[in-house]
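Below is one structure; the comments refer to it alone.
Bear in mind that the values in this text are calculations on the coordinates, not laboratory data. A quick note: this is a predicted structure, and the numbers were derived from the prediction, not measured. Neighbour counts are summed over all protein chains in view; Cβ atoms, including those assigned to glycine, are modelled from backbone coordinates with ideal geometry.
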Amino acid sequence: MGFSEEVIIRDRTARFHQRVVHFKSVRVPLKIVMAELDGGRRTTPISSDTELSSEDIFLYYLHRWSIESYFKTAKQHFSLAKAGLSTEDGQKHWIILIVLAYLIFNDLHRFILEKTKLKDMMCSKHHRGISSSGL
């Protein structure tokens, strides 16, 4: 199948082929988008909003994936599934605390990664300086 559209998303080339289909078992038409990223990785998001562009459907799919990753992390590492709270207010407050913990964790993780990259760059420059000076 040939791809009819090619766009750059987050510094990567994405190719799309789309088709609107009608299934008897589904009451609304669906837009099926075949998406291929650099390296050949493919995914096929589907939308009931047939007016959306292939790119928008794909971006919504990427956003949805990040939300699912958040909930997986929240359940596994921040005890979202084990709250055991019986009131609605208690559950709301617990979720707010989980979101805050996740955001702090994410920022700290990003900070550590950036600091590690900077340290690696400095070490690499230092080693290159030593080797080029003949030591």
Please identify, among S53, S86, S69, the residue showing maximal mean-square fluctuation in a Gaussian network model of the chain using a 10 angstrom Cα cutoff.
S86
Cα lying deepest toward the dipole's positive end in the chain, options V33, F71, T50, charges on Cβ
F71
Give the Rg (one decimal place) followed by the Dmax (whole number) of region 1-67, computed from C-alpha coordinates and expressed in Å.
12.2, 39
Between Q91 and V26, what FRET efficiency follows from the Cβ-Cβ distance if R0 is 35 Å, with the result rounded to 0.05?
0.55
Taking Cα pairs closer than 8 Å and at least 6 residues apart, the relative contact order of the chain in percent is 12 percent
Please work out whether the chain counts as rounded, prolate or oblate from its C-alpha gyration tensor, where a ≥ b ≥ c are the square roots of the eigenvalues and a/c under 1.5 means rounded, while otherwise a/b larger than b/c means prolate and anything else oblate?
oblate
Provide the FRET efficiency to the nearest 0.05 for the L103-R10 pair, computing r from the beta carbons and using R0 = 22 Å.
0.55
